[in-house]
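> So that we are looking at the same thing, I have put the structure below in structure tokens.
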Amino acid sequence: MFHKMAKKTPVYTLSLLWCLHALPGHALTLAQGAPTPQATMTQADPKTDFEKNLEVANTGYADAQYIVGLAYLEGKDVSPNPEEAFKWFTKAAQQGNVQAEYNLGICYLKGIGTAKSYPSALIWLQKAADKGVIPAMYNLGLIYNEGLGVDKDFKRANYYFQKAMDAHYPPAVYAMGLNYSMGQGVKQDDAQAKALLETAANDKYSPAFYALGKMYQEGIGVPKDLQKAFENYLNAAKLGNVDAQLMVADFYKNGTGVAADKVERANWIAQAAKSDNAKALIELARIYRLGDGVQADVAASDKILNAMADKGNGAAMVELGVAAEQGLGQPKDALKALDWFEKGAAKGDSAAEFKLYKYYSSGYGNKSQQAEAKSWLDKALAKQDPAAIVLVGKAYMKGDLGYAQNYKKGCELFLNATDNESVAAYYELGACYRDGVGVGQNFVKAKELFLKAANQGDPAAESELGRFYDQGLGGPMDLKEAFKWYSLAAENELKDAQFYLGMHYLKGQTVPKDEVMAAKWLTKAAAQNLAGAQYQLGMNYLQGIGVPKDEKKAVELLEKAAYQGDRSAQYQVAICFRDGLGTAVDKPRAFAWFKIAAQGGGLDLQSARDALLEKLTPSEVAQGEKIVDKINEKFMNQPLDGLTPPQSQPAK
């Protein structure tokens, strides 16, 4: 068991309150009764308010200096200029203006108009806090909570949070709720955490709604409840929380806690994109390109991505490369894709760096670039790129790419990649727990990880999750859930899921028995060379179940499955050759298949072989043995593909 798995999951992250604006009760005008030069009071004076305030500020009046700084920051009657804002805040703060002291502290903390300086931020925020500025107390708490320029000190952080909380400041109530959830500076207390977060949420503080959503989604300190999770995320989203808007979009995508709705998903992505959130903009570009919940509009997608790329956004460059690579809305063009990946890598994007490794190691680029392919993988790994980590994790599992086989190391890398919510990492780590390779076998953990990957649309995880529900692995058997996940994976062309979905229809499990639908999905799986599907579809054709009876086609399908090692198919092929079903009677060939099926098989298979053997002439037996050798030779050269589901005893 990895120690990391036991770590308590944060419900949300603390963020600094960049409160660069006038404190409550202070408008963007000179304070009443300020000693203003007469020139600024003349009614006919054509000067703007900013120009008038600037004149007063130049006389050394602190309130005016603060107002001028704020005007430069917010672009009121003047072009925004963070450096000028910082200069005027400094002038006013040095004269003791409390608003300026607070905002100057934030400038140092955020690096607005000046270089970041946590020590300077601490000095000015402390001055403001000492004069009763509640947001300053809160931000001091954050500095100590996050260890910004100081050692982390949760107790000191909580001291400032408590002071702000006593003044009914929602962000501080929220911060204390998170610290109770994590046991930071206080005794861990889920009930208290929930109560504080609910108090902050009642004051319409959107991060509190988001944190409550996370608690219900993950079952952190409360029973897991996806509907309540969605309701809280939705409340946060309606208050403009971009993270929540994207989470609501995910819930609509996956149909968790709410009915799946592509249009609603698209609406919330578009809402989040209005905030110029890079993740939302890229997701919006994707749905426009694919026509997912909106009318397909490749031009709109390209416009969004190119605008981002023009601003140097490496992730947008990667997305443009992927579109060219996969032929999304355009012909496939690997060289065009490579060009975009090179541009993205030049911006330091780890996904682009990983793509360069994939391309250069596959023979693209010149000899020098190919020789340096591994260096791009190393760069991506250094930046914790999840795709790169998963690739190396798989290499350790297989002993590939120059990495010595090490199951434990492979699983550890998959675990690391889950920190970035990598879908592939969730699936691969789930497989580790499912198979007990590199970690102790744990179906419950495997199921949790497959669910995380499936909720993000991973077809392989959807299929495996369906199987877990179908067979009661990691929890109670639930055929309805199994059918749901099989259906999603089958639509994504997962052959195992197509097979199992076909069997649900064939047996009338969770849905009315429908032999035609069963044949439809079995046909799709069989076309992908899945042995179990080829066997079952062959039996359907042999008996006319959901398809017209066609013994010849049945034999073709059964032989394909037989050559992949499906014992039931081998047995049935033997019967077909013995009895002339869909083919001419061929007793030596029937004997050969009976013998192959009986190798390691049960007594019934051995009895069927021996019964036929008794009826064969020595010459027929000799012919059969030669056929066995040829089948085994072909069988050994046949790549095994797909799973062979458990079969009932073959019919005699």
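The values are calculated or read from the model by the stated rules, or taken from the named source; none is laboratory data. No experiment lies behind these values; they were computed from the predicted model shown. Here the Cβ positions follow ideal geometry from the backbone for every residue, glycine too, while neighbour counts run over all protein chains shown. With ligands, DNA and RNA removed, areas are computed over all heavy atoms of the protein, side chains included. Shrake-Rupley method; radii C 1.70, N 1.55, O 1.52, S 1.80 Å.
> Just one of (1) open to solvent by less than 60 Å² (accessible area, probe 1.4 Å); (2) in a helix (DSSP H, G or I); (3) free of Cβ contacts under 8 Å to residues at least 40 places away in the same chain trips up Tyr210, so point out which.
(3)
> Inside segment 413-442, can you point out the residues that are open to solvent by 50 Å² or more (accessible area, probe 1.4 Å), at pLDDT below 95 and outside any loop (DSSP other than H, G, I, E, B)?
Asn416
> Filter segment 363-408 down to residues that are hydroxyl-bearing (Ser, Thr, Tyr) and more than 22 Å from Asp339 (Cα to Cα) and give me whichever is most open to solvent (accessible area, probe 1.4 Å). Please lay out each step first, then the result.
Initial filter on segment 363-408 (hydroxyl-bearing (Ser, Thr, Tyr)): 364, 368, 375, 396, 403, 407.
Filter once more, so that each one left must be more than 22 Å from Asp339 (Cα to Cα): 396, 403, 407.
Values: Tyr396: 45, Tyr403: 41, Tyr407: 100 Å².
Here the residue is Tyr407.
> Here's a follow-up. Scan segment 595-609 and tell me whether some residue there is over 47 Å from the mean Cα position of the chain (by Cα) and under 19 Å from Lys630 (Cα atoms). Spell out the reasoning first.
Initially, segment 595-609 is screened for residues over 47 Å from the mean Cα position of the chain (by Cα), giving 595, 603-609.
With the extra rule that they be under 19 Å from Lys630 (Cα atoms), the set shrinks to 595, 609.
Checking segment 595-609: at least one residue is over 47 Å from the mean Cα position of the chain (by Cα) and under 19 Å from Lys630 (Cα atoms).
> Out of all the residues in segment 604-627, is one or more open to solvent by 90 Å² or more (accessible area, probe 1.4 Å), modelled with pLDDT of 75 or more and closer than 21 Å to Gln534 by Cβ?
No, the conditions are met nowhere in segment 604-627.
> What tally of residues in segment 34-74 results from selecting those that are modelled with pLDDT under 90, open to solvent by less than 50 Å² (accessible area, probe 1.4 Å) and not in a helix (DSSP H, G or I)?
Selection size over segment 34-74: 4.
Residue-by-condition table, conditions (1) on the phi < 0 side of the Ramachandran plot; (2) open to solvent by 20 Å² or more (accessible area, probe 1.4 Å); (3) not in a helix (DSSP H, G or I):
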| site | (1), (2), (3) |
| --- | --- |
| Gln95 | yes, yes, yes |
| Gly105 | yes, no, no |
| Leu125 | yes, no, no |
| Met137 | yes, no, no |
| Ile143 | yes, no, no |
| Asn158 | yes, no, no |
| Gln162 | yes, yes, no |
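> Taking segment 181-193, which residues are open to solvent by 50 Å² or more (accessible area, probe 1.4 Å) and not basic (Lys, Arg)? Reasoning before the result, please.
Going residue by residue through segment 181-193, those that are open to solvent by 50 Å² or more (accessible area, probe 1.4 Å) are 182, 187-189, 191-192.
Passing the criteria: Met182, Gln188, Asp189, Ala191, Gln192.
> How many residues, within segment 213-234, are in contact (Cβ under 8 Å) with a residue 60 or more places away in the chain and of a type in the set (Asp, Glu)?
Qualifying residue count for the region: 1.
> Looking at this structure, is Ala345 touching a Leu at 6+ places or on another chain (Cβ under 6 Å) and among the hydrophobic types (A, V, I, L, M, F, W, C)?
Numbers: touching a Leu at 6+ places or on another chain (Cβ under 6 Å): yes; among the hydrophobic types (A, V, I, L, M, F, W, C): yes.
Yes, satisfied.
> Determine if segment 564-577 includes at least one residue that is more than 23 Å from Ala526 (Cα to Cα) and open to solvent by 60 Å² or more (accessible area, probe 1.4 Å).
Step one: list which residues in segment 564-577 are more than 23 Å from Ala526 (Cα to Cα), which gives none.
Checking segment 564-577: not a single residue is more than 23 Å from Ala526 (Cα to Cα) and open to solvent by 60 Å² or more (accessible area, probe 1.4 Å).
> Continuing with the same structure: On the given criteria, is Asp419 farther than 27 Å from Leu522 by Cα and free of Cβ contacts under 8 Å to residues at least 60 places away in the same chain? Full working, then the answer.
Details: farther than 27 Å from Leu522 by Cα: yes; free of Cβ contacts under 8 Å to residues at least 60 places away in the same chain: yes.
Criteria met by Asp419.
> Taking the criterion of being farther than 25 Å from Asp297 by Cα, among the polar types (S, T, N, Q) and without any contact (Cβ under 8 Å) to a residue 24 or more places away in the chain, would at least one residue in segment 338-350 satisfy it?
Initially, segment 338-350 is screened for residues farther than 25 Å from Asp297 by Cα, giving 342, 345-350.
Restricting the remaining residues to those that are among the polar types (S, T, N, Q) gives 350.
Now restrict to residues that are without any contact (Cβ under 8 Å) to a residue 24 or more places away in the chain: none.
Taking every residue of segment 338-350 in turn, none turns out to be farther than 25 Å from Asp297 by Cα, among the polar types (S, T, N, Q) and without any contact (Cβ under 8 Å) to a residue 24 or more places away in the chain.
> Also, I was wondering about something else. Could you go through segment 233-250 and let me know if any residue there is at pLDDT below 95 and under 28 Å from Tyr486 (Cα atoms).
Yes, segment 233-250 contains a residue that is at pLDDT below 95 and under 28 Å from Tyr486 (Cα atoms).
> Scan Asp514, Asp478, Asp496 and give me the residue that is touching a residue at least 60 places away in the same chain (Cβ under 8 Å) and among the acidic types (Asp, Glu).
Details: Asp514 fails: touching a residue at least 60 places away in the same chain (Cβ under 8 Å); Asp478 fails: touching a residue at least 60 places away in the same chain (Cβ under 8 Å).
Just one listed residue meets the conditions, Asp496.
> Just the residues that are crowded, with 19+ Cβ neighbours inside 10 Å and either assigned to a loop (DSSP other than H, G, I, E, B) or not aliphatic (A, V, I, L, M) (or both), please, taken from segment 303-324. Please lay out each step first, then the result.
So in segment 303-324, the residues crowded, with 19+ Cβ neighbours inside 10 Å come out as 304-305, 308-309, 313-321, 323-324.
Listed by number, the residues that qualify are Asn313, Gly314, Glu319, Gly321.
> Which of (1) farther than 17 Å from Gln498 by Cβ; (2) modelled with pLDDT of 95 or more is the odd one out, the single condition Pro512 does not satisfy?
Only one criterion in (1) farther than 17 Å from Gln498 by Cβ; (2) modelled with pLDDT of 95 or more is unmet by Pro512, namely (2).
> For segment 69-84, how many residues meet the condition of being free of Cβ contacts under 8 Å to residues at least 40 places away in the same chain and under 19 Å from Tyr108 (Cβ atoms)?
Going through segment 69-84, the residues free of Cβ contacts under 8 Å to residues at least 40 places away in the same chain turn out to be 69, 72, 75, 77-84.
Those still in the list that are under 19 Å from Tyr108 (Cβ atoms) too: 69, 72, 80-84.
Selection size over segment 69-84: 7.
> Run down Lys408, Lys452, Lys394, Lys445 and say which single residue is of a type in the set (D, E, K, R), outside any loop (DSSP other than H, G, I, E, B) and over 22 Å from the mean Cα position of the chain (by Cα).
Numbers: Lys452 fails: over 22 Å from the mean Cα position of the chain (by Cα); Lys394 fails: over 22 Å from the mean Cα position of the chain (by Cα); Lys445 fails: over 22 Å from the mean Cα position of the chain (by Cα).
Matching residue, one of Lys408, Lys452, Lys394, Lys445: Lys408.
> Now, a different point. With (1) touching a residue at least 12 places away in the same chain (Cβ under 8 Å); (2) open to solvent by 40 Å² or more (accessible area, probe 1.4 Å) as the list, and Asn202 as the residue in question, which single condition is left unmet?
Going through the list (1) touching a residue at least 12 places away in the same chain (Cβ under 8 Å); (2) open to solvent by 40 Å² or more (accessible area, probe 1.4 Å), Asn202 breaks only (1).
> Just one of (1) at pLDDT below 95; (2) within 24 Å of Ala285 (Cα to Cα) trips up Ala346, so point out which.
Exception for Ala346: condition (1).
> Kindly list, by first and then second residue, each pair from a residue in segment 529-543 that is within 13 Å of Asp566 (Cα to Cα) to a residue that is open to solvent by less than 20 Å² (accessible area, probe 1.4 Å) and not in a helix (DSSP H, G or I), limited to pairs with Cβ atoms under 6 Å and residues at least 6 apart or on different chains.
Ala531/Gln564; Ala531/Asp566; Gly532/Pro645; Tyr535/Asp566
> Report yes if some residue within segment 392-399 is in contact with a Gly (Cβ under 6 Å, 6 or more places away or on another chain), more than 30 Å from Gly472 (Cβ to Cβ) and free of Cβ contacts under 8 Å to residues at least 60 places away in the same chain; otherwise report no. Even if it seems obvious, please write down each step before you answer.
Going residue by residue through segment 392-399, those that are in contact with a Gly (Cβ under 6 Å, 6 or more places away or on another chain) are 393, 396-397.
After this cut, where a residue has to be more than 30 Å from Gly472 (Cβ to Cβ) as well, the list is 396.
Those left that are additionally free of Cβ contacts under 8 Å to residues at least 60 places away in the same chain: 396.
For segment 392-399, residues in contact with a Gly (Cβ under 6 Å, 6 or more places away or on another chain), more than 30 Å from Gly472 (Cβ to Cβ) and free of Cβ contacts under 8 Å to residues at least 60 places away in the same chain: present.
> When you check Thr583 against the structure, is it of a type outside the set (D, E, K, R) and either surrounded by 21 or more Cβ atoms within 10 Å (Cβ to Cβ) or in contact with a helix residue (DSSP H, G or I) (Cβ under 8 Å, 6 or more places away or on another chain) (or both), yes or no?
Working: of a type outside the set (D, E, K, R): yes; either surrounded by 21 or more Cβ atoms within 10 Å (Cβ to Cβ) or in contact with a helix residue (DSSP H, G or I) (Cβ under 8 Å, 6 or more places away or on another chain) (or both): yes.
Yes; evaluated as a whole, the condition is true for this residue.
> Taking the condition crowded, with 16+ Cβ neighbours inside 10 Å and part of a helix (DSSP H, G or I), does Ala266 pass? Show your work before the answer.
On the way: crowded, with 16+ Cβ neighbours inside 10 Å: yes; part of a helix (DSSP H, G or I): yes.
So Ala266 passes the test.
> Of these, Ala526, Ala562, Ala519, which one is touching a helix residue (DSSP H, G or I) at 6+ places or on another chain (Cβ under 8 Å) and either within 26 Å of Asp604 (Cα to Cα) or outside any helix (DSSP H, G or I) (or both)? Can you show your working first?
Working: Ala526 fails: either within 26 Å of Asp604 (Cα to Cα) or outside any helix (DSSP H, G or I) (or both); Ala519 fails: either within 26 Å of Asp604 (Cα to Cα) or outside any helix (DSSP H, G or I) (or both).
The conditions single out Ala562.
> Can you tell me which residue is modelled with the highest pLDDT among those in segment 251-263 that are outside any helix (DSSP H, G or I) and out of contact with any helix residue (DSSP H, G or I) (no Cβ under 7 Å at 6 or more places or on another chain)?
Step one: of segment 251-263, the residues outside any helix (DSSP H, G or I) are 255-261.
Still in the running and out of contact with any helix residue (DSSP H, G or I) (no Cβ under 7 Å at 6 or more places or on another chain): 255, 259.
Numbers: Gly255: 85, Ala259: 93.
Out of the qualifying residues, it is Ala259.
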